[in-house]
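The values are calculated or read from the model by the stated rules, or taken from the named source; none is laboratory data. Predicted model, so just to flag it, every value in this text is computed and none were measured. Cβ sites come from the backbone with ideal geometry, for glycine too, and all protein chains shown count toward neighbours. The accessibility values were calculated without ligands, DNA or RNA, using every heavy atom of the protein model including side chains. Shrake-Rupley method; radii C 1.70, N 1.55, O 1.52, S 1.80 Å.
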Amino acid sequence: MSILSLTFHTPADLVQSWNTYMETDLETMVENLMDVEKYILSEVESDMITEGKNTNLLLIFDSTEKRSDFIEIEFKNITERIEAKFGQEVMVFETFLNPRKDRF
């Protein structure tokens, strides 16, 4: 198992537009991703975020190879679509998670 965490940071003035984008485009895009075994799309709730909103997409792959393929192809497509819609305003952070132990 190999995991990728994508976090999307949206400034406060774009939250409504981001929510619409998430419901109309992002959810459909995620649902159609190849090689993704499972995923969780979440709104991040944190006292540390006071300006804007964070959304997290946790993607689970069968192998690190599939995760690497995703980064090279699909991640690039996702970020290009977000940049086309929001410019540099919505920031995307990727975090590679390598499970040491799990209880799925």
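Just a few scattered comments:
- Residues being over 17 Å from VAL15 (Cα atoms), in contact (Cβ under 8 Å) with a residue 60 or more places away in the chain, open to solvent by less than 60 Å² (accessible area, probe 1.4 Å) and outside any helix (DSSP H, G or I) are represented in segment 55-75 by at least one member.
- With respect to (1) touching a residue at least 12 places away in the same chain (Cβ under 8 Å); (2) open to solvent by 60 Å² or more (accessible area, probe 1.4 Å), the lone exception for LEU41 is condition (2).
- Of all the listed residues (ILE78, ILE3, ILE49, ILE73), the sole one being touching a strand residue (DSSP E or B) at 6+ places or on another chain (Cβ under 7 Å) and either at pLDDT 95 or above or not charged (D, E, K, R) (or both) is ILE3.
- Within segment 1-29, residues that are in contact (Cβ under 8 Å) with a residue 12 or more places away in the chain and closer than 12 Å to GLY52 by Cβ reach partners that are assigned to a helix (DSSP H, G or I) and of a type outside the set (A, V, I, L, M) with beta carbons closer than 7 Å, at six or more positions or on different chains, in the pairs THR10/TRP18; LEU14/PHE86.
- Flag if GLU51 is open to solvent by 70 Å² or more (accessible area, probe 1.4 Å) and either assigned to a helix (DSSP H, G or I) or at positive phi (or both): no
- Among the residues listed as GLU43, GLU37, the single one being at negative phi, among the acidic types (Asp, Glu), touching an Asp or Glu at 6+ places or on another chain (Cβ under 7 Å) and modelled with pLDDT under 95: GLU37
- Residues of segment 1-38 that turn out to be exposed (fewer than 11 other Cβ atoms within 10 Å of the Cβ) and in a loop (DSSP other than H, G, I, E, B), as a count: 2
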